[in-house]
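Worksheet for the structure shown next.
The values are calculated or read from the model by the stated rules, or taken from the named source; none is laboratory data. Since the model is a prediction, treat every value here as computed from it, not as a measurement. Glycine also receives a Cβ, built like all others from the backbone with ideal geometry; neighbour counts cover every protein chain displayed. Note: accessible area is taken over every heavy atom of the protein model, side chains too, but ligands, DNA and RNA are not part of it. Shrake-Rupley method; radii C 1.70, N 1.55, O 1.52, S 1.80 Å.
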Amino acid sequence: MSNNILTSRMLQTARFNLEMAAAKLKLGKTSLIRLIEPKEKIELTLHPKLSTTKYPGIKAYVVRHSDTLGPAKGGIRMSPGVTLQDVEGLAMEMTWKTSLIEVPFGGGKSGVCCDPAALSADDKEIIIRSYTRGAVRHIGPEIYVPAPDMGTNEADMGHIRDCLAYSAGKSITSGCYVTGKPVLLGGIVGRREATGKGVIYCLMRACERLGMKFSQAAIAVQGFGNVGSVAAQFAAEMGAKIIAVSDISGGTMNRSGLDIGKVCEHIRKTGKLAGFAGGRDITNAELIAADCDILIPAATQSQITEANCAEIKAKIIAEGANGPTEPKADDILEQKNIFVIPDILCNAGGVFVSYLEYTQETQREQMTIEEVNERLNRRMCKKFDEVYEYSKTNKMTMRQAAMCIAVSRVVAATDARGALP
Ligand code: NAD
């Protein structure tokens, strides 16, 4: 096992959760060592020619944590503070997520260390192309298939596909190298909305099982990017009241319910949430402590900590983000009887629809939005039920149950494959 000092809270959380599941499953040390270390981690230094000289050498990372169940799958995070250890933790989470949601993939992740908000569209495209060229040997339908994550989007995935096809001297790539692409370039309808929608499908199932009325719930959403904005919009369409939302600039609250269409319009015009006229300005700390039924952390990791979780009033936490809750906070939430739908279940809708995109592209088919949403809803409910039943039978939290199911599938597949060289 590596002796590197763990500076990343994301990696600390991921390892803690693995060790917790390993203890519950009584896994031997050899199995644990195989699961803890990623199969491959790559650090790149990119030197793209940008219109600004702000980024002379950009660090980028690719981690393939596991390919036991299939090619590594996981998004590309573009953020100024992302570290190799963060990417390692996020890649490990992907292994459990793909295993739990039962798609034939392993876990991987990429990180590109720069601030997308500070880049022109042209500079961002150049950086994405530079990342693609640097990572070209590590990306492929049977190796690692990236997708969008924080700071990257559909357009970026289109550039990756173009860059890979161009490098091969072809008009298209043969097979699926990247998911979350524009529909015109082989993407699938509904992928952009899939993570946020999946969070709400999962939540509606949870409310059904817990005897709560989703349509009467007051919801607070932290993070108003791809996942948070879609989750807020879809929850409002399903009749729930969104009382607070936030982004990195701050948040807004209206106890009578925010008009999410107007929030989106305000962001389109101003580029940030702060200053929205239809609510009162709040901080992210106030959002976490909001008096609501459901809290959806959909921003980034380590937002619910030992320091702030005593303030939480929500009855359900639905983890749209990856790793938003730290282990010590988890214990306190359990004592407070707050029902946590863990990230590897709650936000798995994105990777599930990525799997549909992968199969669609491989088979040169086209699915309709109705088919995609119906399959997404069915899979999220089925997996919610499976984790819920396991947690009841084994007297575990939802996170413990989800981790045990996910880890035991990977262990069983490792055993089935036998000793690899
Ligand atoms: P995004 O870049 O589209 O949006 C991120 C949002 O979070 C922005 O509104 C940003 O301002 C806000 N934010 C960032 N740091 C914050 C902070 N400290 N406090 C408050 N707000 C903050 O990213 P996204 O794709 O929506 O991803 C959000 C989370 O969901 C990440 O943890 C990501 O790993 C996870 N996730 C994303 C997908 C996907 O399909 N995009 C799938 C699964 C999980």
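Data table
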read-out: Local electrostatic count, residue 144, Cβ distance below 12 Å [Lys/Arg +1, Asp/Glu -1]; value: +3
read-out: Kirkwood Rh in Å, taken over all unlike Cα pairs in region 132-209; value: 13.8
read-out: The chain - share of DSSP beta bridges that are antiparallel (%, nearest 5); value: 50
read-out: By accessible area with a 1.4 Å probe, ligands and nucleic acids excluded, highest first: order of 30, 13; value: 30, 13
read-out: Normalised alpha carbon radius of gyration of region 37-180 [divisor 2.2 N^0.38 Å]; value: 0.98
read-out: Whole-percent carbon and sulfur share, accessible surface of the chain, 1.4 Å; value: 51
read-out: Per-selection Rg to Rh, region 301-421 - Cα, Kirkwood hydrodynamic radius; value: 1.05
read-out: Difference of contour (0.36 nm per residue) and Cα-Cα distance, residue 385 to residue 364; value: 4.3 nm
read-out: Region 195-229-region 82-143 distance, computed between alpha-carbon centres (Å); value: 26
read-out: Neighbour net charge for residue 371 - beta-carbon separation under 12 angstrom, K R +1, D E -1; value: -1
read-out: Additional length obtainable on full extension of the chain from residue 16 to residue 142, 0.36 nm per residue less Cα span; value: 42.4 nm
read-out: Kirkwood hydrodynamic radius (C-alpha pairs) into Stokes-Einstein, the chain, 10 °C and 1.306 mPa s, D in µm²/s; value: 74
read-out: q = 0.20 Å⁻¹: log10 I(q)/I(0) that the Debye formula gives for region 192-346, counting C-alpha atoms only; value: -1.26
read-out: Sorted largest first, extent of region 273-355 alpha carbons per principal axis (Å); value: 40, 32, 20
read-out: Translational diffusion of region 116-263, µm² s⁻¹ [Kirkwood Rh, Cα pairs; Stokes-Einstein; 4 °C; 1.567 mPa s]; value: 75
read-out: Residue-normalised accessible area of region 37-180, expressed per residue, 1.4 Å probe, Å²; value: 36
read-out: DSSP bridge orientation in region 192-346 - percent antiparallel, rounded to nearest 5; value: 30
read-out: Relative packing of peptides 341-349, 272-280 - highest average C-beta neighbours within 10 Å first; value: 341-349, 272-280
read-out: Label-point separation, residue 272 to residue 29 (7 Å along Cα→Cβ), nm; value: 5.1
read-out: Surface accessible to a 1.4 Å probe, residue 358 within the full protein complex, Å²; value: 50
read-out: Relative contact order of the chain, pairs being alpha-carbon contacts under 8 Å that are 6 or more residues apart, as %; value: 16
read-out: Contour minus Cα-Cα distance for residue 307 and residue 51 (0.36 nm per residue); value: 88.0 nm
read-out: Lysines whose Cα lies under 16 Å from that of residue 59, excluding same-chain neighbours fewer than 8 positions away; value: 41, 49, 109, 124
